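Readers should treat all values here as calculations from the given coordinates under stated rules, not as data from a laboratory. As the structure is a prediction and not an experimental result, all values here were calculated from the model. Cβ placement follows ideal geometry from the backbone for every residue including glycine, while neighbour counts extend to all protein chains displayed.
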Amino acid sequence: MLSKSQARLFFLATTGGFSLVFLGLTVDTILQVPERSHDADLTPAVVRGKHLWEDNNCMGCHTLLGEGAYYAPELTKVYERRGPDWMKTFLRDPQAMFPGQRKMVEYHFTDAQIDDLVAFFQWIDHVDTNGFPAPADLAPPAPAVASVAAVDLSAAPSTFTTVCIGCHSVGGRGGTIGPALDGEGGRRDAAWLDTWLTDPQAVKPGTAMPNLGLDPAVRQDLVAFLTSLH
């Protein structure tokens, strides 16, 4: 059994030792922040995007770096998951991308503000978070596609590989929200596809397919690619 003086000495020694360890770890953490956060990449656009995130209380629904609400998706790696083109299209009109499903408020951001938000998410994407968040393991597997020839997506228009593939799949690659587009060229002709991409609601009222407001040249490239899928 320790005497009172020995117990006091033990308490002071261990408290002092662990305090020094805590201070050392704190200093080490602070010294690592610039490199792990890539603060050299904090451009004016990133800063403006952060202010937009805060001013519109996005954290009231979303989480970022694990902090915020849990009503809407975690956005730490959204730039990696979706890419800038999809994000810009979504931010212009969230409801149009998922009619009757998304509860995302339309903030009527300008194109410049959307660019700033995307820049902010791109910076967040590069922050070293030690693997957070872990890859999702609850996503439904892509449906198996039988007797489908390999499709070279490198030949696909960039709009298809950055926006369309978020909902549709080809050869088992892509999203599962919309139907797979394998063999689309054998089911639809170019005129029908062009009409559909111009205004899906006019062709099929109530469809979940959004009107993306595609430029005619972009629409023409998409039609050419889709008709090549047999």
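Read through the labelled values (1) 25, 22, 18; (2) 49, 21, 16; (3) 25, 22, 15 and report the label of the one computed as semi-axes √(5λ) of the Cα gyration tensor in Å from the structure.
Read-out taken from this structure: (2).
In deg cm²/dmol and to the nearest 500, what is the mean residue ellipticity at 222 nm of the chain if only DSSP H runs of at least 4 residues count, each as -39500 (n - 2.57), divided by the residue total?
Result for the chain: -14500 deg cm²/dmol, rounded to the nearest 500.
Give the distance, in whole Å, between the Cα centre of the range 175-230 and the Cα centre of the range 82-123.
22
Seen from all sides and averaged, what is the projected area of the convex hull of the Cα atoms in the range 41-125, in nm²?
5.1
Per-residue HN-Hα couplings for the range 202-212, Karplus 6.51 cos²θ - 1.76 cosθ + 1.60 at θ = phi - 60°, whole Hz, x for Gly and Pro?
Each residue's phi maps through the Karplus curve to give 5, 7, 9, x, x, 5, 7, 6, x, 8, 7 Hz.
Tilt of helix 111-125 relative to the longest C-alpha principal axis of the chain, in degrees (0 to 90, nearest 10)?
It is inclined by approximately 50 degrees.
Restricting attention to the range 1-108, which trypsin sites (Lys or Arg not before Pro) occupy a DSSP loop and are surrounded by at most 12 other Cβ atoms within 10 Å?
Those that pass, being in a loop and sparsely packed, are 103.
Taking amide hydrogens as modeled 1.01 Å from N in the peptide plane, which residues meet the under 5 Å criterion relative to residue 74, leaving out close sequence neighbours?
Amide H to amide H, under 5 Å and 5 or more residues apart or across chains, residue 74 pairs with 63.
From zero up to wherever the largest Cα-Cα distance of the range 86-133 sits, split into 5 Å bins and tell me the percent of pairs in each.
5, 20, 22, 18, 17, 13, 5, 0
Which whole-number percent gives the relative contact order of the range 41-125, counting Cα pairs below 8 Å spaced six or more residues apart?
That works out to 39 percent.
Limiting things to C-alpha atoms, what are the Rg and the maximum Cα-Cα separation (Dmax) for the range 153-227, in angstroms?
For the range 153-227, the Cα radius of gyration and maximum Cα-Cα distance read 11.5, 33 Å.
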